[in-house]
Amino acid sequence: MSQDAVIDVINVSKHFGGLAAVNNCSLSVRRGSVTGLIGPNGAGKSTLFNMVAGNIVPDEGQVIFDGQDVTGLAPHQLFRLGMLRTFQIAHEFSNMTALENLMMVPGDQPGESLANVWFRPFLARSRETAVRKKALDVIDFLKLGHVRNELAGNLSGGQKKLLELGRTMMVDAKVVLLDEVAAGVNKTLLNDLAANIERMNRELGYTFFVIEHDMDLIARLCDPVIVMAEGRKIAEGSMEEVRANPEIVEAYFGAPVEAA
Ligand SMILES: Nc1ncnc2c1ncn2[C@@H]1O[C@H](COP(=O)(O)OP(=O)(O)O)[C@@H](O)[C@H]1O
Ligand SMILES: [Mg+2]
């Protein structure tokens, strides 16, 4: 386990019937990095990602998050610890404004001490003010000010993606897991999205773990890139290094390399 890793996957396996989808796989995500996960179809990327995100429990091995063993924890427990996966804005939130969507993200709830019960009305009010201010800051950062009072359902595909990203900023995530964030987003908006991911990383220090079909986006954003094949990590390096490795190119870039 390395000192500056925020996620450590250690000898993790997951079988489906007789098939080892992930086979004794180890990898790390360095704190402050934008780490990409690529590899041919069927390599085990989605299964690995789902184990990190708490959607699938590994048969063997451990997932360490920020020094803590989180193997088998559910997504909402990981959320509390600061590991967030982006999701499409749920249907029921489409009738709320962009700003309200951000304000709905659960933050730290005040504890149940007697003092809190006594002062709750005050706490609730001051918390709402703080949450609103934070949401406005996030809207500002993502340059969504002009649509902050639009219903989320009326936003463009790219604006919805930005809002999804914004939701992760409401709780000061330690790691954001990005799952095919480019899917269905046109090139211009993709640029916007990529620029915002870069700014979140560079200016605010967010760590990203990215699974993505779009190799241009991976090349632009991710360093390092982890290559998986047959349920394991087979290489890691910058996209240039990975592309310059003849064995990898021959085996995995000859055919289109896919993510997810
Ligand atoms: N729920 C499942 N049930 C059975 N087999 C699965 C399931 N999920 C994935 N697999 C199999 O595990 C292997 C790895 O799949 P996956 O993790 O989706 O790879 P990738 O995302 O790299 O394409 C594939 O052979 C796939 O068919
Ligand atoms: Mg997949």
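The values are calculated or read from the model by the stated rules, or taken from the named source; none is laboratory data. What you are looking at is a predicted structure, and each value in this text was computed from that prediction instead of being measured. When we count neighbours, we look across all protein chains shown, and the Cβ atoms used for this are built from the backbone with ideal geometry, even at glycine. In case anyone asks, the SASA skips ligands and DNA or RNA and just uses the protein heavy atoms, side chains included. Shrake-Rupley method; radii C 1.70, N 1.55, O 1.52, S 1.80 Å.
The residues on offer are ALA194, ALA135, and the sole one that is more than 18 Å from VAL6 (Cβ to Cβ), at pLDDT 90 or above and surrounded by 20 or more Cβ atoms within 10 Å (Cβ to Cβ) is ALA135. Scanning region 36-61 for residues that are away from ligand 2 (no atom under 13 Å from the Cβ) and charged (D, E, K, R) gives ASP59, GLU60. For ASP172, the test of being among the acidic types (Asp, Glu) and at pLDDT below 80 is passed. Flag: ASN55 matches the condition of being in contact with a helix residue (DSSP H, G or I) (Cβ under 8 Å, 6 or more places away or on another chain), open to solvent by 50 Å² or more (accessible area, probe 1.4 Å) and within 16 Å of ligand 1 (Cβ to nearest atom). Of everything in region 197-212, what is surrounded by fewer than 20 Cβ atoms within 10 Å (Cβ to Cβ) and part of a helix (DSSP H, G or I)? Give them in sequence order. Scanning region 197-212 gives GLU198, ARG199, ASN201, ARG202, GLU203, LEU204.
For region 31-52, the tally of residues that are open to solvent by less than 60 Å² (accessible area, probe 1.4 Å) and more than 10 Å from ligand 1 (Cβ to nearest atom) stands at 6. Consider region 175-191 and keep the residues that are in contact with a strand residue (DSSP E or B) (Cβ under 7 Å, 6 or more places away or on another chain) and open to solvent by less than 30 Å² (accessible area, probe 1.4 Å). The one that is modelled with the lowest pLDDT is LEU178.
Every residue in region 223-235 that is within 16 Å of ligand 1 (Cβ to nearest atom) and either in a strand (DSSP E or B) or at pLDDT 95 or above (or both), please. Selection gives VAL225, ILE226, VAL227, MET228, ALA229, GLY231, ARG232, LYS233, ILE234, ALA235. When region 13-30 is examined, which residues are found to be open to solvent by less than 50 Å² (accessible area, probe 1.4 Å) and more than 18 Å from ALA235 (Cβ to Cβ)? Correct list: SER13, LYS14, ALA20, ALA21. If the condition is being closer than 30 Å to ASP8 by Cα and among the charged types (D, E, K, R), then region 157-191 contributes LYS161, GLU164, ARG167, ASP172, LYS174, ASP179, GLU180. Checked against (1) at pLDDT 90 or above; (2) open to solvent by less than 70 Å² (accessible area, probe 1.4 Å), MET215 meets all criteria but (1). GLU60 satisfies every condition listed in (1) surrounded by fewer than 16 Cβ atoms within 10 Å (Cβ to Cβ); (2) at pLDDT below 95; (3) closer than 23 Å to ALA20 by Cα except (2).
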